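Notes for the one structure printed next.
Just so it is clear, none of the values below were taken in a lab; they were calculated from the coordinates. Remember, it's a predicted structure, so these values are computed and weren't measured experimentally. Please note: Cβ atoms are built from the backbone with ideal geometry, for glycine as well, and neighbour counts cover all protein chains shown.
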Amino acid sequence: MDNSTYRLIYLSRNEIQGESQQVHREVAHILDVARKKNAESGITGALMFNSGCFAQVLEGPLSAIEETFERIQCDPRHSDVVILSFDSVDSRSFDSWSMAYVGANIDSIEEFDTFRAESGFDPDNIPANRIFEILKEHLLDAEDGSSMMSAAA
Ligand code: FAD
């Protein structure tokens, strides 16, 4: 049996339509479900959202990541899901969060937008480690409570 921890990082295009308030309500709903299910299956991670796209890091056992990502990939609330990296890692970086949310942090959204524009919006030009670092950095910033997040159960 493979006891390793894996980390998957992907990018996708937002397909949630509507007014900003409705969209944020839907993202909050995604987070509620994700946190509950991830806590049950031993997944931790972080999600970033802006109006155009999502970036997410999932960490956990291989089978749990595969099952969770299979569901996520089929979700019609986003499209063009592109895996940026999927590797075994020595330890988790988001071990306290069943799914941290850094999309409420305005600095992270601006940085993410700039970064995507610089890459020409081409996933092939987006290094996974840059996404990972942005998420980690803003997660740490968010520890003062300026972003919405949830501790893993
Ligand atoms: P059910 O709740 O039974 O739903 C059945 C189908 O309908 C699924 O394909 C589901 O995706 C879709 N669906 C559900 N609600 C809606 C809706 N409001 N509008 C349109 N379609 C809908 N889940 C996790 O467990 N962990 C995560 O980390 C996670 N991250 C996510 C990140 C993003 C960007 C998105 C878009 C979704 C994420 N989800 C996550 C949600 C995931 O895609 C599933 O919806 C969820 O896991 C429930 O799966 P289910 O099979 O029980 O679906």
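For the residue pair Gln17 and Lys37, what label-to-label distance in nm results when each label sits 7 Å from Cα along the Cα-to-beta-carbon direction?
The modelled label-to-label distance comes out at 2.3 nm.
Show the residues, 5+ positions off or on another chain, whose built amide H is closer than 5 Å to the amide H of Tyr6.
Counting only residues 5 or more places away or on other chains, the set is Gly60, Leu62, Val89.
Volume per residue, Å³, of the convex hull around the alpha-carbon atoms of the range 49-117?
116 Å³
Pull out the extension gain between Asn129 and Ser51, defined as 0.36 nm times the separation in residues minus the alpha carbon to alpha carbon distance; nm, one decimal.
Value of the extension gain: 25.9 nm.
May I ask you to order 75-86, 8-19, 44-55 by the average number of other C-beta atoms within 10 Å around their residues, highest value first? Intermediate values should be presented prior to the final figure.
On the way: 75-86: 14.3, 8-19: 16.6, 44-55: 20.9.
Those peptides, ordered most packed to least, come out 44-55, 8-19, 75-86.
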